[in-house]
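Heads up, the thing below is written out as structure tokens.
The values are calculated or read from the model by the stated rules, or taken from the named source; none is laboratory data. Source: prediction; values computed, not measured. Note that we place each Cβ from the backbone using ideal geometry, even for glycine, and neighbour counts take in every protein chain shown.
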Amino acid sequence: MKQRAPAVPNDGRGFVIDTGTRHGRWRCSDATRNRRPPNDSQDDGRRLETHRQETKGQVDRLDQVFALFELSPRGKKCEAIEGIIAEAKEHMEEIGDAEVLDAGMIGSAQAVERYEITRYGTLIAWAKQLGRADAIELLQANLKQEKHADALLTEIAEAAVNQRAAA
């Protein structure tokens, strides 16, 4: 029988492994690597690429959290992220209008960011319960970047993408 992490782990091992956060970070980066920025905006593209680059730093920080708990870094498949990506791929195949597709892809990207925000929030809460300020600092850095990425996507959508999709 598969062992599951307790709601508030008593040794930290479960909270790092059970979330699939590390796998999700890499999987989302892979899924968006070849996607053009909305409306081919160079500025938006640079800002989105910056977040993709931040992913490496996020995974490095997650690896440090593993090390703090004397565990080997490994990614657990995250079914939630896989589902969001699968849904986004379906939209890409079904939507013919490029402007509507841009708006839909931003929505899908935000679904990923918001899922990751909830996971980091959970990990931080568990690390607090364990009194692990060292892990909290690393996880909060990732959470801050995820919130920034979500705000960036909102800004891009509200600046013009949603209006073009509705036209």
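Here is how the numbers come out for the structure above:
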{"read-out": "Top-ranked residue of segment 105-134 - restricted to ones that are over 20 Å from D60 (Cα atoms), touching a helix residue (DSSP H, G or I) at 6+ places or on another chain (Cβ under 7 Å) and touching a residue at least 60 places away in the same chain (Cβ under 8 Å), ranked as surrounded by the most Cβ atoms within 10 Å (Cβ to Cβ)", "value": "A109"}
{"read-out": "Qualifying positions in segment 90-115 - closer than 10 Å to A165 by Cβ, assigned to a helix (DSSP H, G or I) and not small (G, A, S)", "value": "E99, V100, L101, D102, I106"}
{"read-out": "Answer residue from segment 56-81, given it is touching a Phe, Trp or Tyr at 6+ places or on another chain (Cβ under 7 Å) and assigned to a helix (DSSP H, G or I) and is surrounded by the fewest Cβ atoms within 10 Å (Cβ to Cβ) among those", "value": "A80"}
{"read-out": "Restricting segment 135-149 to residues that are aliphatic (A, V, I, L, M) and in contact (Cβ under 8 Å) with a residue 24 or more places away in the chain, the residue that is surrounded by the fewest Cβ atoms within 10 Å (Cβ to Cβ)", "value": "A141"}
{"read-out": "Residue count, segment 153-167 (criterion: within 17 Å of the chain's Cα centre (by Cα) and surrounded by fewer than 19 Cβ atoms within 10 Å (Cβ to Cβ))", "value": "1"}
{"read-out": "Residues of segment 76-100 that turn out to be farther than 18 Å from E113 by Cα and of a type in the set (G, A, S), as a count", "value": "2"}
{"read-out": "Single match in I84, I124 (criterion: part of a helix (DSSP H, G or I) and touching a Ser or Thr at 6+ places or on another chain (Cβ under 8 Å))", "value": "I84"}
{"read-out": "Residues (at pLDDT below 80 and over 11 Å from the mean Cα position of the chain (by Cα)) located in segment 49-63", "value": "E49, T50"}
